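S.K.: Encoded as structure tokens, here's the structure I'll be asking about.
The values are calculated or read from the model by the stated rules, or taken from the named source; none is laboratory data. These figures come from a predicted structure and were not determined experimentally. Here the Cβ is made from the backbone with ideal geometry for all residues, glycine too, and neighbour counts use every protein chain on show. For the accessible areas, the whole protein counts, side chains as well, though only heavy atoms, and no ligand, DNA or RNA atoms are used. Shrake-Rupley method; radii C 1.70, N 1.55, O 1.52, S 1.80 Å.
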Amino acid sequence: LLKNQIIMNWSEFKNQLVQHPNLHLQFQFGENQFVHPSFHITEIKQNAITSVDCGGKMNAWTEIILQLWEPSQKESPRSMTAAKALQIINVVEKSLPLNPNVTVKIEFGNDSFDTRQMHPQDFQFSEDEIIVNLIADKTQCKAIDRGETCGTPKQKVKLAEVTAGCCTPESGCC
């Protein structure tokens, strides 16, 4: 998880849709930048990730990634409702049970915005819309976040192993 940032899980995301089924669903990926209303939800992925960080520690977690696609032919001036999104989610969940407690990300890109995965930060509601505000998914150094060193730990030399003449100007040690 990103340090000092609250990450939304799948259950929290889905519950907002359940609570507001008649509102149109919109995604904001930058200041005044929205996914075109004719977007499709093309797939929902549940990724189990296993990694080893630079400090040598193995990590494992799962993420759900909801992928959005803008068709080249803009089909509709209004986005789908939360109810329509839930229909798609229900189709997916019949084949793939989604873990409600894991992080959710939204994957999106178009001709002017490179594809990336973003976190839903919060929801804004208007008379007829749910706006999902997205924030960038940032990289991190897990070893440093744990208070360890980044990369290979430095070898510690025991003082007893140091010989008296090893650190002289002509020894080349410094």
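S.K.: Name the single residue, out of those in segment 52-78 being hydroxyl-bearing (Ser, Thr, Tyr) and modelled with pLDDT under 95, that is farthest from LYS14 (Cα to Cα).
M.R.: SER72
S.K.: For segment 1-112, give me every one of the strands (runs of 3 or more DSSP E) that falls completely inside it and has 3 or more residues that are open to solvent by 60 Å² or more (accessible area, probe 1.4 Å).
M.R.: 40-52, 58-69
S.K.: Looking at segment 113-131 only, could you name the residues that are of a type in the set (Asp, Glu) and assigned to a loop (DSSP other than H, G, I, E, B)?
M.R.: The answer is GLU127, ASP128.
S.K.: Under 9 Å between Cβ atoms, which residue pairs at least 6 apart in sequence (or on different chains) link something in segment 99-124 that is within 13 Å of ASN9 (Cα to Cα) with a partner that is open to solvent by 30 Å² or more (accessible area, probe 1.4 Å) and basic (Lys, Arg)?
M.R.: Cβ pairs passing all conditions: PRO100/LYS14; VAL104/LYS14.
S.K.: Still on this structure, please answer the following. Can you run down the residue pairs with Cβ atoms below 6 Å, 6 or more apart or on separate chains, where the first is in segment 17-40 and within 16 Å of LEU134 (Cβ to Cβ) and touching a residue at least 60 places away in the same chain (Cβ under 8 Å) and the partner is open to solvent by 40 Å² or more (accessible area, probe 1.4 Å) and not in a loop (DSSP other than H, G, I, E, B)?
M.R.: If the second residue must be open to solvent by 40 Å² or more (accessible area, probe 1.4 Å) and not in a loop (DSSP other than H, G, I, E, B), the pairs left are GLN26/PHE34; GLN26/GLU129; GLN28/PHE34.
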